[in-house]
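The values are calculated or read from the model by the stated rules, or taken from the named source; none is laboratory data. This one's a predicted model, so the numbers in the text were calculated from it and none came from an experiment. Please note: Cβ atoms are built from the backbone with ideal geometry, for glycine as well, and neighbour counts cover all protein chains shown. These accessible areas exclude ligands, DNA and RNA; they are computed on the full protein's heavy atoms, side chains included. Shrake-Rupley method; radii C 1.70, N 1.55, O 1.52, S 1.80 Å.
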Amino acid sequence: MSLPGLELSASVETNIEPTVQDLKEGSEWRFEVAFGHQIEVKLLSGNAELFGTELAQKQPYTFTGTKAAIYTWHGCQLEVHGECQSEYIAEETPMISYANLHFALEKSREEASTTARDAPRVLIVGPENAGKTSLVKLLTAYATRSGRQPIAINLDTKEGMLSIPGTMSAAAFSSIIDVEDGWGSSPTTGPSPVPVKLPLVYFLGLANPEDKTSVYKPIMTRLALSVLNRLQDDGESRGTGCIIDTPGVISQGKGGYEIIQHIVSDFSVSVIVVLGSERLYSDMVRRFNGQRTSVGETIAVIKLDKSGGCVDRDEAYLQQVRQAQIREYFFGDAKSTLSPHTQQVDFTAVSIYRWADSSVDLTSLLPGDAVEENLAPSIFDKEEPSPQMQNAILAIVHADPSDPQETIRDASVIGFIYVAEVDEKRRKLKILAPLSGRLPNKAMIWGSWPEGVTDMVG
Amino acid sequence: MSVGLPSDEVAEDYKNSLEDLTANSRYEISNLTVIARENTEHAMAISRVLENHIKNVPPDRKLPALYVLDSVVKNVGTPYTIFLGRNLFYTFMGAYSLVNQQTRRKLDEMLKTWKEPVPGSQETNPVFPHDTTRQIETALLKARTTALQLQQQNQFRAPQELTARGRPIPTPNTQWRNTPTPPQANSLYYPPPPQSYPQRSVPNGNFQSPPPFPPISQYAPPHDHPQPYHQQPYQQPPGYSQYSLPSQNLDSLKRDIADLVGKTKQEFASIPYNDTLRIRLQALLDLQNILSTQQLPPHEIQAIRDQVAQLSGNPHPPSVPPPYVATPPVPQQQPPPRSSQPQGSTPQPGDLQALLSSRNLADIIAKAQRSTPTPPATQAPRSQSQQGPTSYPPVSSGPGTDLMAMLRAKGLLPPNSNTPTNGPLGFASPPSATNTPPILPASLARPALINDVDLTSTSLKIPRPHLIFTLYEARPNQCSTCGRRFFATKEGREMKACHLDWHFRTNRRLVDSAKRGQSRSWYVDELEWIKSRDNPGDAPLTDASSAAAKATLAASLAAADPKKRHIPAPSDPALANQPCPICQEKFATVWNDEEQEFVWMDAIKLGNRVYHASCHAEIKKDGGTTPLRINTPDSVLGKRKSPSAGFSEINSIYAKAVKT
């Protein structure tokens, strides 16, 4: 405390008087906290929940770099330390219909259990910033609170779920979702105050799936197979079904709709929820309403209003979110600090693949018959480590370097490494790996997304 | 009952076998089923033996006996379904009234399966005809309602109040009810002599004395419930009604509805845009209107009251009144469910019918179940009522009070404090202990909550506070650390205890790990993920890792991975100094958190020698890929199974999946 700088910053934080927010029943407190700032929220009385996960009374919850809302069904008092970028209380929320959606799903889960059918597979679609992920989180949290075990699936590569951006992942949720930190944390070698969730992760390394549907679709199909297998295998999850989050970009028209079509058939989706877009709703109704899933259920298409609390997140903020997610993968969060491991590896010890740029061009150039033969080997280009790789994120996948390219493409992710330095002279890479120990001798994929983080290793 | 025994021997034999059945033994039950199957020509005798057995065994053995019945009807079917179906109502209800709440739940489940075809059979008919099961269900429903009406009956017995209100005092008719018929007695099948059945005069004279052996399916006198039973209100049989004389009934009902309307109006005034409230208010006003403008026959008033009672009864079906045990099993002969009403065979004016069946009323019912702070009491009021009904404060003014009390307890009305001002009668509200209806463990209450949300945009817009209840108050037992909720049942408490243990262990380990440092683990592969199981109960096995998921994962890995194999460090010094015979290295002794003792990791004991499990595995290996050589034995990478193991397996799975 004798250090002047420390003392200063500490006193600035504590000088701010806590404010108390009184929420009437059915209202929510929406707040934004910038990166680098933090607030502490305590529930003094009443009941409150953040995206469906209930807060415990008198427990401090810390938020940083967040835009979120705390809703109360019964009214509550919140004590807030620290300064928000913006905050207000809203009385109009679509929570009633969101909660009713959960109960409708509960009903069909119950029906499913009595009639030995499958529990609902729910797909959430909607434009960017419509609150899709928040709704998925809410439905997941409510299902968990109802004693079920939903599988949440993220197909949006812009943001990661229990992983870094650029990935698609799935995880079963049977324990409470982390309130302070997105979806929570994937397993670490140590304990975690909030139960960690075990994700199954696939790497696309692209922000927009439409950029390379030839890769997005097979990976998604693979993820869907894993999920359906899990649903079949795991009684708990089978009775609950899954909830699928999608990128907003696919809700914008033709090419995207085709991806939606794929998702619907791959996951055998039985409920399509359209969030905040009339046009998309009518398009979806036209395409899917009354159609049958592979197991013969009728697909239901329903529309929900976007919450007034949804804010447009600008690119700068999103980038900070991405960086925070990557940082968190290696270094953990405020609750549990992780120690990644820096090491030097030989160029020869890594086999790095990158999506072949030409595949799209090839398809358009080559005559029909030739496409199949020529396209197959050109999913990836094998890359030598080069200075461009500096600051990049590489995904290590569950496939041997010698495996066929399809296998590498479809393999799930073991983990990520960060390339801190490329020393071409000594033919050495300085990398940051999440764990100490030798790197798995597996194929690595270098995507163009997420963009590199510059100041990872000091 | 007086059928001669065509096959005494078989019956006697079967009886003896049944008597050996003391626990829920699958073997014995299937054995008894086989015997039944092989002796279908004696089905009648066997059925009777089984029925008598169920009737006569002590409560704790009723369930296995019923399982035999269940097994026989499902596995053998006719003729047993016919013979056993005849008396199923008595058999089932007799048992149901005597067993504890846990068993009741099992019985409920069993009953549910009887409504469906036998799983896996081609038969599309339900196990028992719907008539038979419906009867039981109706009776159970009535029982639930009735239990909620008990206080009402108690209050009836406060003569001074009643006289003061100028009401006719119901003649206590207590003769047979006073006879302490022991539960095990045969009375199940032999109702008391008809003359002791309530037969005092009834103003409207439409009371019929029921035949002692009512044909089950028809015994449904529409309004033969002129008086409540007075002495043992608690033990009201299922379906026995709470109705008082029609005229009072009407008055009190009107008052109740007026009260309800008042309440609703107030509420509506404060939340004017609330659709549900509006609908409810409308429905209540309609009801009021009908009651005041039309002369309704008593049974219709009953019907309305039924609805209102249901409204108050639903969320907490008193299907679990354990003190039932002392109840003489008399109930069975009277209540045969008054199926006439639910099924609408009682003639009703169209508008009333419409009203009763309208969604509005459903909404009222739904509304009635909306969230309230869960009343704490469970058994207390019950036992009180059993010991001495007289201990009830003579506060009430009849059914109305009770209805109000129930509505209040359900949260339809604000809590007690408001009562005096709102009740037009100005009666004091009864102490909460008496007006708190028996509360079910929330887990049981849950299925009773009507979930009528459809996947349509309109249905999703209607507020349903009673369903929010299931997320909050239905699980009142909350973890103060993370906010997770648990049921107030025994299981819920156990789960919470496990959960708190988990917090405790995690916190302890967090302190430890702060010194050690931790890292992000590698992600699992597809096969592991598919096979992994979360452990929502936070059962002790999560000790190994902070996370349930991880523990399960680790456990599953341990089986496959020699590196995770460990044995307790040998205490025998000779053995403790022996190196691994394969690599000649000594074993490292480490503390294992999971086992809470010192262990040798990566060790396997075969005979008298201890090997490194990995060395041993390698030697035995059939030339597959060499596992990764890890320098740091603690690294998670090292704990993982060798990369190619399982990989081919999963790929074959996918190959299959793609093909299909």
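Descriptive notes on the structure:
- Residues located in region A:206-217, provided they are open to solvent by less than 30 Å² (accessible area, probe 1.4 Å) and touching a residue at least 60 places away in the same chain (Cβ under 8 Å): A:LEU206, A:ALA207, A:LYS212, A:VAL215
- Given (1) surrounded by fewer than 18 Cβ atoms within 10 Å (Cβ to Cβ); (2) more than 7 Å from every other protein chain (Cβ to nearest Cβ), index of the condition B:GLU528 fails: (1)
- Residue selection: A:ILE124 satisfies the criterion of being in a strand (DSSP E or B), in contact (Cβ under 8 Å) with a residue 60 or more places away in the chain, farther than 21 Å from A:VAL196 by Cβ and among the β-branched types (Val, Ile, Thr).
- Residue within region A:12-25 that is modelled with pLDDT under 95 and crowded, with 17+ Cβ neighbours inside 10 Å present: yes
- Any chance A:SER307 is among the small types (Gly, Ala, Ser) and under 22 Å from A:ILE393 (Cβ atoms): no
- Of the residues making up region A:74-97, just one is within 12 Å of chain B (Cβ to nearest Cβ) and crowded, with 24+ Cβ neighbours inside 10 Å, namely A:CYS76.
- Yes/no for A:ALA130 being surrounded by 20 or more Cβ atoms within 10 Å (Cβ to Cβ) and either under 23 Å from the mean Cα position of the chain (by Cα) or in the same structural domain as A:GLY256 (by TED's automatic domain parsing) (or both): yes
- Count - residues of region A:210-261 that are under 26 Å from B:GLU528 (Cβ atoms), more than 10 Å from chain B (Cβ to nearest Cβ) and not in a loop (DSSP other than H, G, I, E, B): 11
- Where strands (runs of 3 or more DSSP E) fall wholly inside region A:377-447, the ranges with 1 or more residues that are crowded, with 16+ Cβ neighbours inside 10 Å and at pLDDT 90 or above are A:393-397, A:413-423, A:428-433, A:443-446.
- Screening the candidates B:LEU21, B:LEU32, B:LEU69, B:LEU50 for the property of being of a type outside the set (D, E, K, R) and either surrounded by fewer than 16 Cβ atoms within 10 Å (Cβ to Cβ) or part of a loop (DSSP other than H, G, I, E, B) (or both) yields one hit, B:LEU21.
- Test set (1) within 13 Å of A:GLY241 (Cβ to Cβ); (2) away from chain B (no Cβ under 11 Å); (3) more than 13 Å from the chain's Cα centre (by Cα) - A:SER146 fails condition number: (2)
- For region A:268-318, a residue qualifies if it is in a helix (DSSP H, G or I) and either closer than 17 Å to B:LEU460 by Cβ or in the same structural domain as A:SER226 (by TED's automatic domain parsing) (or both), and the qualifying residues are A:GLU278, A:ARG279, A:LEU280, A:TYR281, A:SER282, A:ASP283, A:MET284, A:VAL285, A:ARG286, A:ARG287, A:PHE288.
- Of the listed requirements (1) among the β-branched types (Val, Ile, Thr); (2) surrounded by 20 or more Cβ atoms within 10 Å (Cβ to Cβ); (3) away from every other protein chain (no Cβ under 14 Å), A:VAL311 misses just one: (2).
- Selection count where residues are in a loop (DSSP other than H, G, I, E, B) and open to solvent by less than 30 Å² (accessible area, probe 1.4 Å), scope region A:133-147: 1
- The residue that is nearest to B:ARG508 (Cα to Cα), among those in region A:167-198 that are open to solvent by 20 Å² or more (accessible area, probe 1.4 Å) and at the interface with chain B (Cβ under 8 Å from one of its Cβ atoms), is A:PRO193.
- Of everything listed in (1) touching a strand residue (DSSP E or B) at 6+ places or on another chain (Cβ under 7 Å); (2) closer than 24 Å to A:LEU225 by Cα; (3) within 14 Å of chain B (Cβ to nearest Cβ), the single unmet condition for A:THR407 is (1).
- Residues (of a type outside the set (A, V, I, L, M) and under 25 Å from A:PRO187 (Cα atoms)) located in region A:379-417: A:ASN391, A:HIS398, A:ASP400, A:ARG409, A:ASP410, A:SER412, A:GLY415, A:PHE416
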